[in-house]
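Peer 1: Take a look at the following structure, please.
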Amino acid sequence: MISLLTFCFPSSPPGGGGSANKFLNIAHRGASGHAPENTFAAFDKAVEMKADYFELDVQMSKDGHLVVIHDTIVDRTTDGTGEVKDLTLRELKRLDAGKWYGPEFAGERIPTLEEVLDRYRGKIGILIEIKEPDLYPGIEEKVAEALKERNMHRPKGGKVIVQSFGHDTTRNFHRILPSVPVGVLLSHADYPDGVTDEKLASFADYADYVNPSQLLVDEDLVRRIHTLGLQITPYTIRTQEDADRMITAG
């Protein structure tokens, strides 16, 4: 099955593509249950399977290019070794990002964000996670520029949402490109006692979405997020049981 996020919208989402109370199927790192994550193969499969959005992770190469990969090191998902930030784009492009998943995917490469935007704009919604932003000063500006160059910051430019666990990064991106909806990611480890009203109110100053681990989600959290006019996009929903629990929570 697709590894996915299930998004619940209380109203039509800022990025387009959802009616009131519609749940969206978001392919996590592409259709990563069927193809190697964060590759064209996974994104193509998400389009084929008619996902509403796919999610990807963006970092920066040593020479300042935006590259799509989840881990800060390349060891797990390529045949290379080392940290993303220490490798040039040319070095990253030489790596095989597919054969670890299966021999039929040998030759898949790490895509740049620009390549992904050019290939899928208008075909599917794109949820961009800015990964480990403290490692990459200025990454918000580079992501914003990539979207602006393609008119994807405009309402009809394509369905795009930008999110990060780095909330200063999310706030900064909103300042740079306020027309693109943004989300704050919340891990269970960072909020073991739950998310306070004060914290939610601080997010409402700049964010459109609160994106918590599903372990944080209950009816009370959903209600409080909706009351602030925000939308909740819990991650990562992989089973029918998890989906049913999110539906019950509203």
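Peer 1: Look through Glu104, Glu91 and report the one residue that is within 29 Å of Phe173 (Cα to Cα) and among the charged types (D, E, K, R).
Peer 2: Unique residue meeting the criteria: Glu91.
Peer 1: Identify the single condition in (1) within 18 Å of Ala31 (Cα to Cα); (2) part of a loop (DSSP other than H, G, I, E, B); (3) open to solvent by 70 Å² or more (accessible area, probe 1.4 Å) that Thr81 does not satisfy, given that it satisfies every other one.
Peer 2: Single failed check for Thr81: (1).
Peer 1: Might you let me know whether segment 50-61 holds any residue that is closer than 23 Å to Asn211 by Cβ and open to solvent by 60 Å² or more (accessible area, probe 1.4 Å)?
Peer 2: Initial filter on segment 50-61 (closer than 23 Å to Asn211 by Cβ): 50-60.
In the following step, the residues that additionally are open to solvent by 60 Å² or more (accessible area, probe 1.4 Å) were identified as 50.
Yes; the residues of segment 50-61 include at least one that is closer than 23 Å to Asn211 by Cβ and open to solvent by 60 Å² or more (accessible area, probe 1.4 Å).
Peer 1: Quick one: what pairs do we get from segment 197-213, first residue more than 16 Å from Ile237 (Cβ to Cβ), second at pLDDT below 95 and surrounded by 15 or more Cβ atoms within 10 Å (Cβ to Cβ), C-beta under 7 Å, 6+ apart or different chains?
Peer 2: Filtered contacts from segment 197-213: Asp208/Pro14; Asp208/Gln231.
Peer 1: Determine the pairs where a residue that is over 11 Å from Leu66 (Cβ atoms) and touching a residue at least 40 places away in the same chain (Cβ under 8 Å), located within segment 132-157, has a partner that is open to solvent by less than 20 Å² (accessible area, probe 1.4 Å) and not hydroxyl-bearing (Ser, Thr, Tyr) with Cβ atoms under 7 Å apart, the partner being 6 or more residues away or on another chain.
Peer 2: Filtered contacts from segment 132-157: Glu132/Gln59.
Peer 1: A further question follows. Go through the residues of segment 179-193 one by one and say whether even a single one is hydrophobic (A, V, I, L, M, F, W, C) and open to solvent by 80 Å² or more (accessible area, probe 1.4 Å). So that I can check it myself, show each step before the final result.
Peer 2: Initially, segment 179-193 is screened for residues hydrophobic (A, V, I, L, M, F, W, C), giving 180, 182, 184-186, 189.
Those still in the list that are open to solvent by 80 Å² or more (accessible area, probe 1.4 Å) too: 189.
Looking through segment 179-193, at least one residue is hydrophobic (A, V, I, L, M, F, W, C) and open to solvent by 80 Å² or more (accessible area, probe 1.4 Å).
Peer 1: Here are some residues: Gly125, Gly158, Gly107, Gly98. Which one is open to solvent by less than 60 Å² (accessible area, probe 1.4 Å), modelled with pLDDT under 95 and in contact with a Gly (Cβ under 9 Å, 6 or more places away or on another chain)? Spell out the reasoning first.
Peer 2: Details: Gly125 fails: modelled with pLDDT under 95; Gly107 fails: modelled with pLDDT under 95; Gly98 fails: modelled with pLDDT under 95.
When all the criteria are applied, what remains is Gly158.
Peer 1: Tell me yes or no: at least one residue of segment 20-29 is at pLDDT 50 or above, part of a loop (DSSP other than H, G, I, E, B), of a type outside the set (Phe, Trp, Tyr) and more than 23 Å from Pro212 (Cβ to Cβ).
Peer 2: Scanning segment 20-29 turns up no residue that is at pLDDT 50 or above, part of a loop (DSSP other than H, G, I, E, B), of a type outside the set (Phe, Trp, Tyr) and more than 23 Å from Pro212 (Cβ to Cβ).
Peer 1: Here's another thing I want to ask about it. Given the conditions (1) more than 17 Å from the chain's Cα centre (by Cα); (2) closer than 21 Å to Ile26 by Cβ; (3) not in a loop (DSSP other than H, G, I, E, B), and given that Val116 satisfies all but one, which numbered condition is not satisfied?
Peer 2: (1)
Peer 1: Right, here's the next one. Within segment 49-68, take every residue that is touching a residue at least 60 places away in the same chain (Cβ under 8 Å) and part of a loop (DSSP other than H, G, I, E, B) and give me the one that is farthest from Glu145 (Cα to Cα).
Peer 2: If we filter segment 49-68 for residues that are touching a residue at least 60 places away in the same chain (Cβ under 8 Å), which is where we start, we get 51-60, 64, 66.
Of the ones still in play, those that are also part of a loop (DSSP other than H, G, I, E, B) are 51-52, 64.
Working: Ala51: 26, Asp52: 24, Gly64: 13 Å.
So the residue we want is Ala51.
Peer 1: Mind telling me which of the residues Ala46, Ala35 ends up being assigned to a loop (DSSP other than H, G, I, E, B), open to solvent by less than 10 Å² (accessible area, probe 1.4 Å) and at pLDDT 95 or above?
Peer 2: On the way: Ala46 fails: assigned to a loop (DSSP other than H, G, I, E, B).
Exactly one residue qualifies, and that residue is Ala35.
Peer 1: Still on this model: Please enumerate the residues belonging to segment 203-248 that are over 16 Å from Leu24 (Cβ atoms), open to solvent by less than 80 Å² (accessible area, probe 1.4 Å), in a helix (DSSP H, G or I) and modelled with pLDDT under 95.
Peer 2: Within segment 203-248, Asp244 is the sole residue that qualifies.
The values are calculated or read from the model by the stated rules, or taken from the named source; none is laboratory data. This structure is a prediction, so every number in the text was calculated from the model and none was measured. In this analysis, Cβ positions are derived from the backbone assuming ideal geometry, glycine residues included, and neighbour counts consider all displayed protein chains. Protein only, heavy atoms only, side chains kept; ligands, DNA and RNA dropped before computing areas. Shrake-Rupley method; radii C 1.70, N 1.55, O 1.52, S 1.80 Å.
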